[in-house]
Amino acid sequence: MNYFEFKQILDADPYSQNPEFLHAKKHDKRCRQAYQKAMAQEQMILDALQVPVPEHNIEHIKFHQAQDRQSRFRQNFMALAASAVLAVGVGFFMLNQSTESDLEKFIHEALAMEPAVYKGADELPQETLKPLFASINTAIEGELGDVHFMKLCPTLNGQGARMVVMNELNQPITVLYMPNSPVEEAVNMQMDGLKGKIVALEQGSAAIIAQPHQSTAQIESNLINAIKPLNQGHQGL
Amino acid sequence: MSMKERKFDALLGIYYEDLYRFAYWLGKDEHMAKDLVQETYLRAWRAIDSLKDQKAAKSWIFTILRREFARQFEKKLPIINSLDEMVTDVEDANHRTPDELMDINLTRQAMMKLESKYAEPLMLQVIGGFSCDEIAQQLEISPSAVMTQLFRARKQLTSHLTRASKIGNKI
């Protein structure tokens, strides 16, 4: 193998195990020097790619594996249990005064379930969602986002809707829309292992529940811009 | 720990760091990398019984990660406001000189800018330790195409570093 053939392989694959390449590397001075220079460059690439690895993540993964083993057996049961939690939560809070802290507590209990349990495989077209929203006196104007689940459900002050909306990284995020529970300004909720925010809408409010690292800003912005009260002009929809 | 867990740990647990780094450079985002590795291990866990050839375990789990990345994130990459924000500071555990640290940071910036068709084989080679033939199998392209992509990847990195170095000299 001459120098130029050697260099051609070296520039693409300095780790080549081609016997002729290895021989030239060992016995040809010019090839050896080129190899040493290439490996210095290679070391820099290797160093550059060595980003710190989060140690706790592997434990998190093992935890999820254990969880998965159990959850696969009782996935259907979980869906039923979620409905039961909602029903019990609603019953409990219907008996109480509607204060903002009650609202937070209700949301915390009702939305502890993973949004992944609910999400469907495909995005629901906005045209399908509009009649559902209309039934709770709500109109959708503009882009609501990538909704993969929506079901009407009782909330603290009447009917609302539970949704699973995908964020920009395609992660499922739980949203609870409460058309009859207005808040004056956004409320950040302290939740165990989750982050929660109740956002004020033109009609009522919506709670967005997500994992601490998940992005929800786009969903929040879409909800604020798209959800409107259903007025006379919208009745025909 | 069950037999299945022991088998899984022994076969695939050892690739955690390589997978994380591969995921990080694929998605260029720390949170995305965490989610991706988690989802990869979960899918591998569910499908471990289908892995017949244990020698192929490494290639198998890297393929799962690549497919998962393509499925979930490829069309929804995060908006990167500034490359500087994305590049993690180099940990100086090896007591490198300031020049060496700067070169590594420049290489990281160059990696960020590298087209994915060039970056992916390079990462499979440098992080995954795969040979050209193995990369060709994973990417379902010919070994000579892999060689071309690796050549271009290294050339782009070198030219970026040379350019950066010239700018540095002018300043």
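The values are calculated or read from the model by the stated rules, or taken from the named source; none is laboratory data. None of the values given here were measured: they were computed from a predicted structure. A quick note on method: Cβ atoms are made from the backbone with ideal geometry, for glycine too, and the neighbour counts reach across all protein chains shown. Ligands, DNA and RNA are excluded from the accessible area calculation, which covers all protein heavy atoms including side chains. Shrake-Rupley method; radii C 1.70, N 1.55, O 1.52, S 1.80 Å.
Check whether at least one residue in segment B:88-98 is open to solvent by 20 Å² or more (accessible area, probe 1.4 Å), at pLDDT 80 or above and within 11 Å of chain A (Cβ to nearest Cβ), and report yes or no. No, because not a single residue in segment B:88-98 is open to solvent by 20 Å² or more (accessible area, probe 1.4 Å), at pLDDT 80 or above and within 11 Å of chain A (Cβ to nearest Cβ). Out of all the residues in segment A:3-14, is one or more closer than 26 Å to B:Met111 by Cβ, part of a loop (DSSP other than H, G, I, E, B), modelled with pLDDT of 90 or more and within 14 Å of another protein chain (Cβ to nearest Cβ)? Yes, segment A:3-14 contains a residue that is closer than 26 Å to B:Met111 by Cβ, part of a loop (DSSP other than H, G, I, E, B), modelled with pLDDT of 90 or more and within 14 Å of another protein chain (Cβ to nearest Cβ). Restricted to helices (runs of 4 or more DSSP H) entirely inside segment B:1-74, those with at least 1 residues that are at the interface with chain A (Cβ under 9 Å from one of its Cβ atoms) and surrounded by 20 or more Cβ atoms within 10 Å (Cβ to Cβ) are B:3-12, B:16-27, B:30-47.
For every residue, the table says whether it meets (1) within 14 Å of chain B (Cβ to nearest Cβ); (2) open to solvent by 60 Å² or more (accessible area, probe 1.4 Å); (3) within 20 Å of A:Gln211 (Cβ to Cβ); (4) not hydroxyl-bearing (Ser, Thr, Tyr).
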{"position": "A:Ala139", "(1), (2), (3), (4)": "no, no, no, yes"}
{"position": "A:Gly145", "(1), (2), (3), (4)": "yes, no, yes, yes"}
{"position": "A:Phe149", "(1), (2), (3), (4)": "no, no, yes, yes"}
{"position": "A:Leu156", "(1), (2), (3), (4)": "no, no, no, yes"}
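What pairs come out if I take residues in segment B:133-155 that are within 11 Å of chain A (Cβ to nearest Cβ) and farther than 17 Å from B:Thr63 by Cα and pair them with residues that are open to solvent by less than 20 Å² (accessible area, probe 1.4 Å) and part of a loop (DSSP other than H, G, I, E, B) whose C-beta lies under 9 Å away, six or more apart or interchain? As it stands, the answer is B:Met147/A:Asp13; B:Leu150/A:Asp13; B:Phe151/A:Asp13; B:Ala153/B:Leu114; B:Arg154/A:Pro14, since those pairs meet every condition given. Going by what's in this entry, would A:Gln43 be described as of a type in the set (S, T, N, Q), open to solvent by less than 50 Å² (accessible area, probe 1.4 Å) and either assigned to a loop (DSSP other than H, G, I, E, B) or modelled with pLDDT under 90 (or both)? It is false that A:Gln43 is of a type in the set (S, T, N, Q), open to solvent by less than 50 Å² (accessible area, probe 1.4 Å) and either assigned to a loop (DSSP other than H, G, I, E, B) or modelled with pLDDT under 90 (or both).
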